[in-house]
1. Got a sec? Which of 618, 627 is touching a residue at least 40 places away in the same chain (Cβ under 8 Å), buried (at least 17 other Cβ atoms within 10 Å of the Cβ) and either within 30 Å of residue 580 (Cα to Cα) or outside the structural domain of residue 143 (by TED's automatic domain parsing) (or both)?
2. Can you tell which of 523, 519, 529 is in the same structural domain as residue 373 (by TED's automatic domain parsing), in a strand (DSSP E or B) and more than 29 Å from the chain's Cα centre (by Cα)?
3. Hey, any hits in region 411-419 for a residue that's in a strand (DSSP E or B), farther than 30 Å from residue 321 by Cα and over 24 Å from the mean Cα position of the chain (by Cα)?
4. Run down 169, 199 and say which single residue is buried (at least 24 other Cβ atoms within 10 Å of the Cβ), outside any loop (DSSP other than H, G, I, E, B) and in the same structural domain as residue 416 (by TED's automatic domain parsing).
5. For region 595-605, check the following and say yes or no: at least one residue is more than 24 Å from residue 169 (Cβ to Cβ), touching a strand residue (DSSP E or B) at 6+ places or on another chain (Cβ under 6 Å) and outside any strand (DSSP E or B).
6. Is there a residue in region 271-280 that is closer than 22 Å to residue 724 by Cβ, modelled with pLDDT under 95, in the same structural domain as residue 480 (by TED's automatic domain parsing) and out of contact with any helix residue (DSSP H, G or I) (no Cβ under 8 Å at 6 or more places or on another chain)?
7. Please work out which residue is surrounded by the fewest Cβ atoms within 10 Å (Cβ to Cβ), limiting yourself to region 596-610 and to residues that are more than 21 Å from the chain's Cα centre (by Cα) and closer than 22 Å to residue 138 by Cβ.
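The values are calculated or read from the model by the stated rules, or taken from the named source; none is laboratory data. Fair warning: this is a prediction, and the values are worked out from it, not measured in the lab. Here Cβ is always computed from backbone atoms with ideal geometry, including for glycine, and neighbour counts include all displayed protein chains.
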């Protein structure tokens, strides 16, 4: 489950290190991505590119370690309490009498033992594309869509279960992040080379992490100081002269104390207007950010400290705009966005009882985010201060599979906004209590039940119940279901800066209430044996039904954008079928189909949600050569048609389907990789992404009606150097 990494952090400081290789016709080669976890716990890891792993030890004697390659039967190994090193050489065989595996592990997995259906995207999956940022890390994923929010700022947003990214809780190492001002541009703030893994949970999730998850959670795990490369360098350049550099280093002072520094910078300063509308297709930008992390661990104590700073500046608009020009309707249209962001977080965990795994964990973070910006004649400046704290106690009901968490949390937000001279300030103080229990009432049935109560200084007290169920019909069929509620406070302008990329007046029609939604869903995972290879089929359905939603109305007035509470129904039905298969050694195939039925009401009239593709199909092929010297990746996305907002300027009411093709080739050498890739190889772009581009100060100007790519084919080249 998504909060399992907190559990790992506070269970025990002792660890088991290991090295796993394969005897491939006499050649001993390291195995990458072998799944390793302790039986009856949530503690797991995977081997890195050198076949090396490190996993924290739970308490007690008679430990059982599960070693698994996806697609083949798992096996177990008894580990004594005093064991600290494990070396395994696995031979290729279908029948597993000891520790025997065959094939290449999948880079996106759902662990069968987990009651929650959580996709684990490993670092291996992130190598299938350039993945310069989190925004580009979902190109090979069928569940998460990423699209531009407007045609001016270069900002991207995610969609999960057919709903905008504001309804997905973004987590950094199990702590809420990218809230408020971080929403509009935050997924571009997380560099891909910093990420160890990503976990995606659809629908309702754990109450331990808060109440804000409506459509799901996306948790990002950064590379850890004691389990990272000693030195890592990634250089990236594309045909538009965008440059990225990432440099990571880690140092272990001793077995208890370690530190790491992660640096990122990107630069783009080219004026590109391929569609000839007079506006830059992408703003000029520069960003630099760094993290300094510290980790301490002993037998009973675990702690982490992280300090992060980011600065980003973007400017764009019409090609003829310059910073020294006065902003008026008689001069060219320009934009500028400058962000300064500081973050600090800390985790502390302590073991009380090794027999019952009783432990206490504390998480806290502080964020300062300042933004100054303008879009044409719209001025928007904002400042946010956020504080988060979570105190968690964990213990067992006699076994690791039956446990409970209870704790208290606190969220504090202060957001000052100034929109065109009108200043607003909101202070939120939200203490909360929660209880969650994992139960195994009968064989093959696992339950996770949780409830939390939060006390909002503006919106009062509200309760968030959530329930997860997993039932194993047999070794080949797993059923999961979930149901629960989610709440969130809308920060309309901070979370929707794309509304500023239009000349329309923004009207708040009434005081806004908290958004409240009910989510339920199920999925069935079935394993088939096809030609002695395992095929995984996953069928799922999720429905999100809003009790209240903040509606941004572009439909009823061509000259205004109206913001109000929901009147009527609003829901999202999301159906998905996904197939994973490894037909040949080294070849990984993913195919998926998805249908989204998303509707909302404006003044009690039901509309199909605009700018959403109703259908999506994805095919991803990844092949790694026998000696792992070459890797070939191909992703094809078919995006179905959809509806546009009612707008007479557009001249039509729907957008058509389109296909995107991405590909990458990687050549691996000892210590470094060279990769060459292409994005949007079909060179498809949306026609007229900016409405009334010739009259940017008229009432009809709108750069926020985006349903497809706004930039064409992109070719890139990169190099990675790793020192372990």
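1. Details: 627 fails: buried (at least 17 other Cβ atoms within 10 Å of the Cβ).
Selected residue: 618, the only one of 618, 627 that is touching a residue at least 40 places away in the same chain (Cβ under 8 Å), buried (at least 17 other Cβ atoms within 10 Å of the Cβ) and either within 30 Å of residue 580 (Cα to Cα) or outside the structural domain of residue 143 (by TED's automatic domain parsing) (or both).
2. After applying the criteria, what remains is 529.
3. First, the residues of region 411-419 that are in a strand (DSSP E or B): 411-419.
Of the ones still in play, those that are also farther than 30 Å from residue 321 by Cα are 411-415.
Restricting the remaining residues to those that are over 24 Å from the mean Cα position of the chain (by Cα) gives 414-415.
Taking every residue of region 411-419 in turn, at least one turns out to be in a strand (DSSP E or B), farther than 30 Å from residue 321 by Cα and over 24 Å from the mean Cα position of the chain (by Cα).
4. Numbers: 199 fails: buried (at least 24 other Cβ atoms within 10 Å of the Cβ).
Within the list 169, 199, the selection yields 169.
5. Within region 595-605 (the criterion being more than 24 Å from residue 169 (Cβ to Cβ), touching a strand residue (DSSP E or B) at 6+ places or on another chain (Cβ under 6 Å) and outside any strand (DSSP E or B)), the answer is no, since none of the residues qualifies.
6. Taking region 271-280 as the starting set, the residues that turn out to be closer than 22 Å to residue 724 by Cβ are none.
Within region 271-280, not a single residue is closer than 22 Å to residue 724 by Cβ, modelled with pLDDT under 95, in the same structural domain as residue 480 (by TED's automatic domain parsing) and out of contact with any helix residue (DSSP H, G or I) (no Cβ under 8 Å at 6 or more places or on another chain).
7. Going residue by residue through region 596-610, those that are more than 21 Å from the chain's Cα centre (by Cα) are 597-610.
Narrowing the set further to residues that are closer than 22 Å to residue 138 by Cβ leaves 597-598, 609-610.
Details: 597: 15, 598: 23, 609: 20, 610: 20.
Taking the candidates together, the pick is 597.
Condition check ((1) in contact with a helix residue (DSSP H, G or I) (Cβ under 6 Å, 6 or more places away or on another chain); (2) part of a loop (DSSP other than H, G, I, E, B); (3) under 17 Å from residue 176 (Cβ atoms)) across all residues:
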position: 432; (1), (2), (3): no, no, yes
position: 435; (1), (2), (3): no, no, no
position: 448; (1), (2), (3): no, no, no
position: 452; (1), (2), (3): yes, no, yes
position: 461; (1), (2), (3): no, no, no
